[in-house]
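The values are calculated or read from the model by the stated rules, or taken from the named source; none is laboratory data. Being a predicted model, the structure only gives us computed values, none of them experimental. Positions of Cβ are generated from backbone atoms using ideal geometry, with glycine treated the same way; all protein chains shown enter the neighbour counts. All accessible areas refer to the heavy atoms of the entire protein, side chains included, with ligands and DNA or RNA removed. Shrake-Rupley method; radii C 1.70, N 1.55, O 1.52, S 1.80 Å.
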Amino acid sequence: MDLNSDLGESFGAWTMGDDAAMLRLVTSANVACGFHAGDPVTMLGTCRIAAENGVAVGAHVSYRDLAGFGRRAMDVPAEELYGDVLYQLAALAGVARVAGAPVTYVKPHGALYNRIVTDPAQAEAVVRAVAAFDGGLALLGLAGSAVDDAATSAGIRFVREAFVDRGYLADGTLVQRGTPGAVLSGDDAIAQRAVRLATEGRVTAADGTEIAVEVDSLCVHGDTPGAVAMAAAVRAALETAGVRVEAF
């Protein structure tokens, strides 16, 4: 089971999370490409540490929304989104190559991630950009989503992701941020939730419904309070349960 985290989200003098510590625990790093967070120096530093730790690097692409951390809903024309994703991929790929950690996959961020769960046009724009840039890149996202369908149709490898620290609705989508139960806490409970996702493919939704979740990669958000301790607990619990933790 892959363990991924959103990293490289510091910007200028503003620091987000502890990337160095997280990169000793996770197997894949979703590195911000400058549109929702991150800057060239942060991107380079994160990729260098990822290379040192043998962590796979992915492009964490988003809507152009630094002020809102990429979490505000935006209406971006498909062709503009296509260009924006290409731009972000090119930026991170260049930096990562110099750092010795080539980009191997793409994970959309925040509002874009949520939008392409249900919006075929936006999903197609993202997939088209990935395919045009490098058809060998994998795309990380929610199973059974519009982007899953678009990637499959385009011959792009789709990697199914589940979140250990986010609440789920009964339909398998995420509880909207800012809503009670959206972001979870309690390292032990989250660690056991991760084990159940990895071994049974099931999770308890916010309303108590038991739902099936197809998963190849588990995400621990790097900006969640106590993220390092949470990631350590999750990894330890997975290994104790006999789950091999490795990049997809």
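Region 77-126 to region 178-205: how many Å between their Cα centroids? So the two Cα centres are separated by 27 Å.
Averaged over every viewing direction, what's the projected area of the C-alpha convex hull for region 59-139? Give it in nm², one decimal, please.
Values: hull surface 20.0 nm².
Answer in nm², one decimal: 5.0.
If both residues of a DSSP beta bridge must be in the chain, then about 20% of such bridges are antiparallel.
For region 1-131, count the residues as N, evaluate 2.2 N^0.38 Å, and divide the Cα radius of gyration by that value, please. All intermediate terms of the calculation are to be shown ahead of the outcome.
Working: Rg = 13.8 Å, N = 131, 2.2 N^0.38 = 14.0 Å.
So region 1-131 has a normalised radius of gyration of 0.98.
With only the Cα atoms considered, region 153-248 has a convex hull volume of 120 Å³ per residue.
With θ taken as phi - 60° and the Karplus curve 6.51 cos²θ - 1.76 cosθ + 1.60 applied, the whole-hertz 3J(HN,Hα) list for region 4-17 is 10, 8, 7, 10, x, 9, 6, 8, x, 7, 9, 9, 10, x Hz, x standing for glycine and proline.
The Stokes-Einstein estimate for region 119-209, based on a Kirkwood radius over Cα pairs and taken at 37 °C with 0.692 mPa s viscosity, is a diffusion coefficient of 226 µm²/s.
For region 82-203, the relative contact order is 18 percent, taking Cα pairs closer than 8 Å that sit 6 or more residues apart in sequence and dividing their mean separation by the residue count. Phi angles of region 34-46 translate, via the Karplus equation with coefficients 6.51, -1.76, 1.60 and θ = phi - 60°, into HN-Hα couplings of x, 8, 10, 5, x, 8, x, 5, 5, 4, 5, x, 5 Hz per residue; Gly and Pro are given as x.
Converting phi to 3J(HN,Hα) with the Karplus coefficients 6.51, -1.76 and 1.60 and the offset θ = phi - 60°, region 215-221 yields 8, 10, 8, 9, 10, 10, 5 Hz in sequence order, with x at every glycine or proline. Positive end of the dipole of the chain (Cβ unit charges, origin at the Cα centre): among 127, 36, 81, the Cα lying farthest that way belongs to 36.
Could you tell me what percent of the accessible area of region 140-217 is made up of carbon and sulfur, with a 1.4 Å probe and every protein chain present? Write down the numbers at each step before the final one.
Numbers: 1670 of 3540 Å².
Here it works out to 47 percent.
Using a probe radius of 1.4 angstrom, the carbon and sulfur fraction of the accessible surface of region 1-95 is 58%.
Computed from the Cα positions only, the extents of the chain along the three principal axes stand at 40, 37, 33 Å, in decreasing order. Dipole magnitude for the chain: about 280 debye, using +1 per Lys or Arg Cβ and -1 per Asp or Glu Cβ, origin at the Cα centre. Relative contact order of the chain: 21 percent, from C-alpha pairs under 8 Å at least 6 residues apart in sequence.
Keeping every protein chain present and rolling a 1.4 Å probe, give me the accessible area per residue for the chain in Å². Write out the running numbers ahead of the final one.
Values: 10090 Å² over 248 residues.
That works out to 41 Å² for each residue.
How large is the translational diffusion coefficient of region 1-62 in µm² per second when you combine the Kirkwood radius over alpha carbon pairs with Stokes-Einstein at 25 °C and 0.890 mPa s? Mind showing how you got there, number by number?
Details: Rh = 11.2 Å.
Roughly 220 µm²/s, to the nearest whole number.
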